[in-house]
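> Below is a structure I'd like to ask you about.
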Amino acid sequence: MPRTLVQESIATTLHFLVHTNLGPDGKRRIEEILEVRGWRNNQYDTQCIFELDPEKGLRSTGNIPTIAETTENGKKIFPEGFFHPEKVIKLRD
């Protein structure tokens with residue numbers, strides 16, 4: 001199977017990529033959450049949705065993923081303001 005075909009298949013299959021990092025205390029932490037928007041010009045087209053603020057935690061970048069516009073039975077999947085730039089996601093330690 002050609003490499004480009006595999007890359008295009010990955011780009012259409014994955015919606016989000018969660019980037020983690022091992023901290024000095026040995027715990028894994030989410031550094032950022034990216035939306036995979038496709039494969040263009042021989043590279044993955046991604047958009048950062050959440051990123052780690054060392055002082056405040058995981059914060060929204062204000063970018064709204066395309067999947068957020070999808071509805072199930074006329075209901076929004078994400079609550080209003082979920083992707084607002086001041087939104088901070090609290091994660092358990």
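The values are calculated or read from the model by the stated rules, or taken from the named source; none is laboratory data. Treat the numbers as computed from the prediction; the structure is a model and nothing was measured. No Cβ is skipped: glycine too gets one built from the backbone with ideal geometry, and neighbour counts run over all protein chains shown. For the accessible areas, the whole protein counts, side chains as well, though only heavy atoms, and no ligand, DNA or RNA atoms are used. Shrake-Rupley method; radii C 1.70, N 1.55, O 1.52, S 1.80 Å.
> Looking at the stretch 1-35 only, could you name the residues that are open to solvent by 50 Å² or more (accessible area, probe 1.4 Å) and in a strand (DSSP E or B)?
Phe16, Leu17, Val18, His19, Thr20, Asn21, Leu22, Arg28, Arg29, Glu31, Glu32, listed by residue number.
> With respect to Ile49, is the statement that it is assigned to a strand (DSSP E or B) and without any contact (Cβ under 8 Å) to a residue 40 or more places away in the chain true?
yes
> Give Asn73, Asn41, Asn21, Asn63 a once-over and let me know the one that is at pLDDT 80 or above and on the phi > 0 side of the Ramachandran plot. Don't jump to the end; show me each part of the working.
Values: Asn73 fails: at pLDDT 80 or above; Asn21 fails: on the phi > 0 side of the Ramachandran plot; Asn63 fails: on the phi > 0 side of the Ramachandran plot.
Sole residue among the options that is at pLDDT 80 or above and on the phi > 0 side of the Ramachandran plot: Asn41.
> Also, I was wondering about something else. Every residue in the stretch 66-87 that is surrounded by 10 or more Cβ atoms within 10 Å (Cβ to Cβ), more than 27 Å from Ile10 (Cα to Cα) and of a type in the set (D, E, K, R), please.
Lys87
> Something else about it: Please determine, by comparing only the residues of the stretch 36-60 that are under 15 Å from Val18 (Cα atoms) and basic (Lys, Arg), which one is least open to solvent (accessible area, probe 1.4 Å).
The extreme case among them is Arg59.
> Which of (1) open to solvent by 50 Å² or more (accessible area, probe 1.4 Å); (2) assigned to a strand (DSSP E or B); (3) within 22 Å of Ile89 (Cα to Cα) is the odd one out, the single condition Asn63 does not satisfy?
Here Asn63 meets the rest and fails (2).
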